[in-house]
Amino acid sequence: MAENTTFQAAAYTADGAARDKVELPATPFDGTVNMPVMHQAVKAFLANQRQGNASTKIRKYVVGGNQKPWKQKGTGRARQGSIRAPNWVGGGTVFGPIPRSYAQFVPRQVRALARKSALNTRAREDAIYVIDRLDFDAPKTARLQSLVDSIGVADQKVLILTDGVKTNVFLSGRNLPAVHVMPYQDVSTYHILWSDVVLIEAGAIGAEAPATGGGGRRAASERQARPAKKRAKADAAPATKAAKKTTKRRAAKKTAAKKAAKKTSRRASPAARRPKRK
């Protein structure tokens, strides 16, 4: 199911103060919601978490029972060949589990569609918030808990998606049972559907924070500014390349001339060394 929908998301500073709403980018927030694909992705994710190390023994692997418990005839009992048969307590297991892999493969494009569908599902519920750049100097659980409380989602399961790997932010949320922190590019369909609220850093989805905001990305002009030395090097690069080419050509000509002189001297030397006949 796809619709041409434009989603607006509530935005907050890094301290939890509300600011103007931002428009979510059309990619991936285009309104696409594919339920079967999301079900397939979540089922495969959970199956891939299984270790598959459950193991039972069939009758030939159970210790003991290598002789008949009683003779074949004359006792009035049913004939038995071993006390480790499946019908005996402590005997072997029939068709029991053995170590195996439960891994399921989902194509890359299907995983991408499921992930986009999950994000659109949360966007339809107004459960996606945009947060300014989180920059923690050191792990601090109280600071992240204060942010969650300020936004008003302390009683819900919160997924925080950072712009790249941020170790201090991850360690700050590790002790919070209802908060999960991970990079935006690593999020899966399961994690999005697990959460009730998704907090996404503005830089991760290209929603730049305003200049007065709490620590957004640098402005484009600032990013493009380069030191004078680097600029001079960039301008002098073509001249340097041309000079190198000229030097290489001259060296090649000198080498060719030396080789030609050596060949000429070798040809002339035998005649010069020959003694004159009397």
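The values are calculated or read from the model by the stated rules, or taken from the named source; none is laboratory data. Being a predicted model, the structure only gives us computed values, none of them experimental. Because the Cβ atoms are built from the backbone with ideal geometry, glycine has one as well, and the counts that use them run over all protein chains shown.
Quick look at the numbers
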read-out	value
Entirely in the stretch 113-204, the helices (runs of 4 or more DSSP H) that have 1 or more residues that are touching a Ser or Thr at 6+ places or on another chain (Cβ under 7 Å)	141-151, 167-173
Pairs with Cβ under 6 Å, 6+ apart, first in the stretch 180-203 and more than 16 Å from residue 35 (Cα to Cα), second of a type in the set (Phe, Trp, Tyr) and not in a helix (DSSP H, G or I)	199/129
Residues (part of a loop (DSSP other than H, G, I, E, B), in contact with a helix residue (DSSP H, G or I) (Cβ under 9 Å, 6 or more places away or on another chain) and not hydroxyl-bearing (Ser, Thr, Tyr)) located in the stretch 15-31	15, 16, 17, 24, 25, 28, 29, 30, 31
Condition met for residue 162 (β-branched (Val, Ile, Thr) and farther than 20 Å from residue 205 by Cα)	no
Any hit, the stretch 33-54, residues being surrounded by 14 or more Cβ atoms within 10 Å (Cβ to Cβ), assigned by TED's automatic domain parsing to the domain that holds residue 193, touching an Asp or Glu at 6+ places or on another chain (Cβ under 6 Å) and assigned to a loop (DSSP other than H, G, I, E, B)	no
Some residue of the stretch 56-67 being among the hydroxyl-bearing types (Ser, Thr, Tyr), over 26 Å from the mean Cα position of the chain (by Cα) and in a helix (DSSP H, G or I)	yes
Members of the stretch 181-208 that are surrounded by 18 or more Cβ atoms within 10 Å (Cβ to Cβ), of a type in the set (Gly, Ala, Ser) and more than 19 Å from residue 169 (Cα to Cα)	207
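To keep it simple, each residue is scored yes or no on (1) of a type in the set (Lys, Arg); (2) touching a strand residue (DSSP E or B) at 6+ places or on another chain (Cβ under 8 Å); (3) modelled with pLDDT under 90.
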site	(1), (2), (3)
6	no, yes, yes
17	no, no, no
20	no, yes, no
27	no, no, yes
32	no, no, no
40	no, no, no
45	no, no, no
51	no, no, no
56	no, no, no
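Results for (1) under 25 Å from residue 37 (Cα atoms); (2) surrounded by 15 or more Cβ atoms within 10 Å (Cβ to Cβ); (3) outside the structural domain of residue 199 (by TED's automatic domain parsing); (4) charged (D, E, K, R), shown as yes or no for each residue.
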position: 121; (1), (2), (3), (4): yes, yes, no, no
position: 126; (1), (2), (3), (4): yes, no, no, yes
position: 131; (1), (2), (3), (4): no, yes, no, no
position: 135; (1), (2), (3), (4): no, no, no, yes
position: 138; (1), (2), (3), (4): no, no, no, no
position: 145; (1), (2), (3), (4): no, yes, no, no
position: 150; (1), (2), (3), (4): no, yes, no, no
position: 155; (1), (2), (3), (4): no, no, no, yes
